[in-house]
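Contents: one structure, followed by commentary.
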Amino acid sequence: MDAEVGLAPARVDSGLLERVGEKVMRTLILGVAALVAGCGGDGAPAHPIPGDRGTAITVEVLNANGRAGDARVGTRLLRDAGIDVVYFGNASEHGLDSTRIIVRRGAARVGERVREVLGQGRVLVELDSSRLLDVSVLLGADFSPGARFNFHP
C-alpha cells in the first residue's frame, strides 16, 4: 500500500467549454483596454468651467470714477475669470483716483486673485461679517481694461 495515488494529467482538447472561456477572456481584455484608453488624458476639461478654479469668490463692483459703464466692464472681466459678481453699480463716492479692492471676508489672497484679473488696484483688508460677500471693488480713474476685454455684443 505504499503505492502513490496520482491523477491523470489534464487534457486540453479544445472542447466547447475551452473555446467559450477563451472568447470571454478575450472580450474582457478588450473591454478593459477600451476603458483604459477612454479614460486617458490629463483630466482637464476642454473648455474652462466658470467658477471651477477653487472656492467661489463673491464680489460687488462699484464705479467710483464717474465714467459710465466701467462697473459693467469690470463685472464682465471678473465673471469671465470665474469670479461670482453678485452686484455692480455706482459707488456713493466719485472721483476716486485709484482702484481699491477691499476684502470683507477671508484672507488677503482673495483680494489678490481679484487684482490679478483686473490688472490693477490696491488690496485692503477691512473685515466686515455683516456684508454677504467676500470683496468690494471700487473702480478708480486708473481702471482701464485695455486689450484684456473682448467685447461681444
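So here's what we get for this one:
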{"read-out": "Selection within region 79-117 - exposed (fewer than 13 other Cβ atoms within 10 Å of the Cβ) and among the acidic types (Asp, Glu)", "value": "GLU93, ASP97, GLU116"}
{"read-out": "Meets criteria (within 19 Å of ARG115 (Cβ to Cβ) and either surrounded by 18 or more Cβ atoms within 10 Å (Cβ to Cβ) or modelled with pLDDT under 65 (or both)) for ILE49", "value": "no"}
{"read-out": "Of all residues in region 56-92 being touching a helix residue (DSSP H, G or I) at 6+ places or on another chain (Cβ under 9 Å) and among the polar types (S, T, N, Q), the one that is farthest from SER144 (Cα to Cα)", "value": "ASN90"}
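The values are calculated or read from the model by the stated rules, or taken from the named source; none is laboratory data. Owing to the predicted nature of the structure, the values given are computational and were not obtained by experimental measurement. Reconstructed Cβ throughout: ideal geometry from the backbone, glycine too, with neighbour counts over all protein chains shown.
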